C-alpha cells in the first residue's frame, strides 16, 4: 500500500510542505526546533511514505540530542497528509522507524507529544527530563529501546553538537 524509504535531500522541500500543511504556522518557533537548528537529522531513520503513484503520504524525522550527556533520539515531526489520515500510516511510520532505531543500536528515544496517543507505542512521561521552555513537562515522553536505558538519565535536553 505504502512504500517506505529513507528521506533524501530531494525529498526535503516536499516533506517541509507536508509539515507546513499539517502543523500550525508557528511550528518552527517551538523549543524542539532550537535543538535541531544546524544539526543534521538522523538520516538513516528519517523516512517518507509514498503511495503507489509515488505521492508523498507521510514523513517522520529523528534528530540527535543529549540528556545527561547521553545521546538520545528526538522523534519528530511525524505527519500524514490530510487525505491519508485515519489509515494508520502514522503508526506504521513510528513502528517502522523505531524498529530501525533499535536495530541500529539506539538506546532511548524521546518526543514532545500527547501521551494518550503515543502510549500505544510504549512512550511514557519522562519525569526529570527538561525540554527548553516553554515546553509543557507533561508532554515530554520517552521510550526505552534497550531495557533500563532511561534509568538515571535526567536533566536538560541539549543540542547534540
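Some observations on this one:
- Overall, the anisotropy analysis places the stretch 80-135 in the oblate class: the square-rooted eigenvalues a ≥ b ≥ c of its C-alpha gyration tensor yield a/c not less than 1.5, with a/b not exceeding b/c.
- Tilt relative to the chain, helix 89-103 - C-alpha long axis, 0 to 90 degrees, to 10: 50 degrees
- Listing 11, 38, 138 from fewest to most neighbouring C-beta atoms within 10 Å gives 38, 138, 11.
- Length-normalised contact order for the stretch 3-159 - Cα pairs under 8 Å, 6+ apart - percent: 22 percent
- Over the chain: helical MRE at 222 nm, DSSP H runs n ≥ 4 each giving -39500 (n - 2.57), nearest 500: -6500 deg cm²/dmol
- Most mobile of 95, 108, 125 in a GNM of the chain (Cα contacts under 10 Å): 95
- Rounded to 10°, Cα long-axis angle of helix 12-22 versus longest principal axis of the chain: 80 degrees
- Rounded, prolate or oblate (a/c below 1.5 giving rounded, otherwise prolate when a/b exceeds b/c) for the chain by Cα gyration tensor: prolate
- Label point at residue 17 placed 7 Å out along Cα→Cβ; residues across the stretch 67-87 whose backbone nitrogen lies under 15 Å: 81-83
- Full-extension gain in nm, residue 117 to residue 91, via 0.36 nm per residue minus C-alpha separation: 8.4 nm
Coordinate-derived values only; no laboratory data. All values derive from a computational prediction rather than experimental measurement. Every residue, glycine among them, receives a Cβ derived from its backbone with ideal geometry; neighbour counts consider all protein chains shown.
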